[in-house]
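For reference, the structure is listed below as structure tokens.
The values are calculated or read from the model by the stated rules, or taken from the named source; none is laboratory data. The model shown is predicted, which means the values in this text are computed figures rather than measured ones. Heads up, the Cβs are rebuilt from the backbone with ideal geometry, glycines too, and the neighbour counts pull from every protein chain shown. Please note that ligands, DNA and RNA were not included when accessible areas were found on the heavy atoms of the full protein model with its side chains. Shrake-Rupley method; radii C 1.70, N 1.55, O 1.52, S 1.80 Å.
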Amino acid sequence: MEQVVDRARRFNRFYTRAIGVLGEGYLDSGFTLAEARVIYELANRPRPTAREVGLALELDPGYLSRILKRLEAQGLVQRAEAEGDRRRRHLSLTPKGRETFAGLDGGARDAMGELIARLGPGEHERLSTAMAEIETLLSPDLKAEIVLRERRPGDLGWIVERHARLYAEEYGWDARFETLVARIAAEMTAAPDPARERCWVAERDGQRLGCVFLAKDDPDTARIRLLLVEPAARGAGLGRKLVEAAVAFARRAGYREVVLWTHRELHAARRIYAGAGFRKTEEWQHHDFGPVSTGETWRLVLRRAAADTDT
């Protein structure tokens, strides 16, 4: 616990310096960080009360009152009585206040753009996912629902890149695995059959967290391919949710069975498959991706063939 606290404090020292909040004014604007945040809330909330702003920012009422008085004195904020309740005052930005907000917002975007400009596309994705995970862990009450959606432009590149990186980091697999994933992804999209094949991408607040494909092997057999769950999303049942979606689709599409290829060292995935009713039917050793691995075939029977059910 103490190591986590020290690491979090170190990150805070780094980040407050990196985003420029240690100067006399936020982004050299003349406003403190707290004042800039109050202006942001007023620009993005429909006529809030001071209490609502204070709750959103967790500011002491007395401190917030002094901030609002300063902003009013500068002609940036105005108050109006609530209809039917003279005790309540709605806050809003004046035209000058909105102009000030536009300058602050543009400056913040430019500063953040400069900070991340040196990162590559894959690093942008890693940074975005990591920040979303920090926000989720420290604000569990704000945790958004993970949704499964169909494939969109840009997803295939992410699927190939994340498989290659994660399997290299976690299992030591080489570039031949990335080549295989790219080929599978290309095959799935070259001649799509939407009635019998599907790709799901798991997403939360715009962040990709996982994926799975269901492909047609033959008229009676579907194959689960490229199941992946980001490390930040593991342990919450997402892998099971993806597999259940693929199996349910296979049933609706009329397949007789679902087959998949996995490896002995993929312990979490194997537990998911076993929990969904799959059974291992074959195993073999290979070194197609560098280290020696034990490949496995697992099958799930959805319905018996007519010849199997005749009496």
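Taken about its Cα centre, the chain carries a charge dipole of about 800 debye when Lys and Arg each add +1 at the Cβ and Asp and Glu each add -1 at the Cβ. Here the gap between GLN74 and HIS124, fully extended at 0.36 nm per residue and compared with their Cα-Cα distance, gives a gain of 14.2 nm.
Computed over the stretch 143-302, the range of Cα coordinates on each principal axis works out to 38, 36, 32 Å, biggest value leading.
Taking each residue as 0.36 nm, the span from ASP288 to ILE19 lengthens on full extension beyond its C-alpha to C-alpha distance by 92.3 nm. What the Cβ-Cβ distance of ILE116 and VAL301 gives, at R0 = 45 Å and to the nearest 0.05, is a FRET efficiency of 0.35. Cα to Cα, under 15 Å, and not fewer than 8 places away if on the same chain: which aspartates and glutamates meet these conditions relative to LYS216? Once the sequence-local aspartates and glutamates are set aside, what remains near LYS216 is GLU187, ASP193, GLU197, GLU257. Pop the C-beta distance of VAL147 and THR49 into the FRET formula with R0 = 45 Å and round what comes out to the nearest 0.05. According to the calculation, E is roughly 0.85.
Note on the chain: semi-axes of the ellipsoid equivalent to its C-alpha gyration tensor, largest first and rounded to whole Å, are 52, 24, 17.
What is the percent carbon and sulfur in the accessible area of the chain, measuring with a 1.4 Å probe over the protein chains and ignoring ligands?
50
Taking all protein chains into account, the per residue accessible area for the chain stands at 60 Å² (1.4 Å probe).
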